[in-house]
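The structure appears below as structure tokens.
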Amino acid sequence: MALIVGQIEAVTGRRVWDSRGRPTIEVEIRCSGGATGRAIAPAGASRGRAEAVDLRDGGPKLGGLGVQRALANVGALVQPALRGLDISDQATIDQRLRELDPSPNLERLGGNVAVAASLACAWAAAATVQRPLWRYLLGETVPVIPLPEIQIFGGGAHASRRLDLQDLMVVCPGATSFDEALEWTAEIYLAAGRLMAERGALAGVADEGGWWPHFDSNEDALATLTRAIEATGRQAGQDVAIALDVAASELVRDGHYHLDLDGVTLDSEAMGDRVLDWCRRFPVISVEDPLGEDDMEGLSRFTAAAKQLGVQVVGDDALVTSASRVKAAAAGGWVDTLLLKPNQAGTLTAAAEALAAARAADFGCIASARSGETEDVSIVHLAVGWGIAQLKVGSITRGERTAKWNEVLRIEDATGAGLARPFP
Ligand code: PGA
Ligand code: ZN
């Protein structure tokens, strides 16, 4: 009798821990024939309102962040729904997961349960044919290595709001390889640390490993980052440029944008103008969420102006890795680039649909990790496997970040693939 290889036999969950010391879930899949796959759900801190939500226990224990209910769902719901399915049929697997919870934000099943199960299946499917996940997803297409966006200073929700801007990152369009881009970035990270130390402002790191943002103003942070780039002898704006995540939804109170560090309250137009002014005066090449997730008019106005400056406008909170939102964004001109976070979508299939919508709209794409992360490297394999040209996983320090950058280095080494060139 022929052995059937690649049917899902067992789905198990376990509690593991993320980079903020919070519990999260890992799902492990075992198939007939012995192949296994596993994945861990990441967790965001500045979440879009429309993204899939994690199922947490609430109550006093672990700050309410326990995952016992999520783990119970893995055993009671996911295992019976997926058992016997063909592991190579990701669409049906994800459809079954969606049928367990038709609510738009997966509040009953848990976005954390869905994404860990969906990704674990993809890993198991790749294992059944003994291929790396990126190669399994890409097929015979020639791989391209994504250009990294790497955090130097953390801020916003990742640094107790010590700085209004959430993420000050660098991108190295002038680098000839991923390896070189990391070397340049490491030099900039060290230079930024020296500059902070010289002014007595070195105070540890924020959630994603970027330096803690001890600044007098948001502009001071931008100027310091520019100086750090220049201190390494690289041409700011040419070799190396700045990418900002304003995460502006977090700045909205009473219908206005509050830049608390600068002591100003701005309406949508003034907020957009302020960010555009930073784009003109500093070597900024990319801006994420410059205005709030509900401020479509402001986003459209901003994106039209940013286009004139050659600045990429990235939608995180406003798009939440949703195909229908990407289509609306394309029609309304809100942004021109999708930030793809699989756990916002809940399943791999839904994330792939958002990517397909982005490509149909001629949008760029950045694959992104979350601020709460682990050693899981799924996002790297999705980025390469889906041919996504940019990758954002935080700073160049801390194991949950370097696990991902180092995985890209291994793929670059194994394939000799060239670095993507999303910026002409
Ligand atoms: P989050 O933020 O993972 O904390 O939600 C990351 C981002 O805004 O890009
Ligand atoms: Zn963001």
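The values are calculated or read from the model by the stated rules, or taken from the named source; none is laboratory data. No experiment lies behind these values; they were computed from the predicted model shown. For neighbour counting, all protein chains shown are included, and Cβ atoms are generated from backbone atoms with ideal geometry for every residue, glycine included. Just the protein is used for accessible areas: all its heavy atoms, side chains included, with ligands, DNA and RNA removed. Shrake-Rupley method; radii C 1.70, N 1.55, O 1.52, S 1.80 Å.
In table form, for the structure just shown:
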quantity: Single unsatisfied condition, residue 157 versus (1) part of a helix (DSSP H, G or I); (2) more than 16 Å from ligand 2 (Cβ to nearest atom); calculated: (2)
quantity: Yes/no for residue 179 being open to solvent by 40 Å² or more (accessible area, probe 1.4 Å), farther than 24 Å from residue 19 by Cα, in a loop (DSSP other than H, G, I, E, B) and more than 16 Å from ligand 2 (Cβ to nearest atom); calculated: no
quantity: Unmet requirement for residue 252, which otherwise passes all of (1) within 24 Å of residue 312 (Cβ to Cβ); (2) in contact (Cβ under 8 Å) with a residue 12 or more places away in the chain; (3) of a type outside the set (Lys, Arg); (4) surrounded by fewer than 17 Cβ atoms within 10 Å (Cβ to Cβ); calculated: (4)
quantity: Residue list for the stretch 20-46, restricted to those being at pLDDT 95 or above and within 16 Å of ligand 1 (Cβ to nearest atom); calculated: 20, 21, 22, 24, 40, 41, 42, 43, 44, 45
quantity: Top-ranked residue of the stretch 40-65 - restricted to ones that are aliphatic (A, V, I, L, M) and within 16 Å of ligand 2 (Cβ to nearest atom), ranked as surrounded by the most Cβ atoms within 10 Å (Cβ to Cβ); calculated: 52
quantity: Out of 272, 298, sole residue that is more than 14 Å from ligand 1 (Cβ to nearest atom), open to solvent by less than 20 Å² (accessible area, probe 1.4 Å), touching a Pro at 6+ places or on another chain (Cβ under 7 Å) and not acidic (Asp, Glu); calculated: 272
quantity: Flag if residue 337 is within 29 Å of residue 93 (Cβ to Cβ), free of Cβ contacts under 8 Å to residues at least 60 places away in the same chain and open to solvent by less than 10 Å² (accessible area, probe 1.4 Å); calculated: yes
quantity: Tally of residues being open to solvent by 10 Å² or more (accessible area, probe 1.4 Å) and outside any loop (DSSP other than H, G, I, E, B) across the stretch 382-402; calculated: 4
quantity: Condition met for residue 375 (part of a loop (DSSP other than H, G, I, E, B) and within 14 Å of ligand 2 (Cβ to nearest atom)); calculated: no
quantity: Pick from the stretch 318-354, criterion closer than 20 Å to residue 106 by Cβ and part of a loop (DSSP other than H, G, I, E, B), ranking: nearest to ligand 1 (Cβ to nearest atom); calculated: 341
quantity: Condition check for residue 202: of a type in the set (A, V, I, L, M, F, W, C), within 16 Å of ligand 1 (Cβ to nearest atom) and not in a helix (DSSP H, G or I); calculated: no
quantity: All positions within the stretch 301-317 that are assigned to a loop (DSSP other than H, G, I, E, B), crowded, with 21+ Cβ neighbours inside 10 Å and more than 14 Å from ligand 2 (Cβ to nearest atom); calculated: 311
quantity: From the options 74, 115, residue that is under 18 Å from the mean Cα position of the chain (by Cα), crowded, with 19+ Cβ neighbours inside 10 Å, assigned to a helix (DSSP H, G or I) and among the β-branched types (Val, Ile, Thr); calculated: 115
quantity: Residues (assigned to a loop (DSSP other than H, G, I, E, B) and either among the acidic types (Asp, Glu) or more than 14 Å from residue 114 (Cβ to Cβ) (or both)) located in the stretch 47-65; calculated: 47, 48, 49, 50, 51, 54, 56, 57, 58, 59, 60, 65
quantity: Given (1) outside any helix (DSSP H, G or I); (2) open to solvent by 40 Å² or more (accessible area, probe 1.4 Å), index of the condition residue 103 fails; calculated: (2)
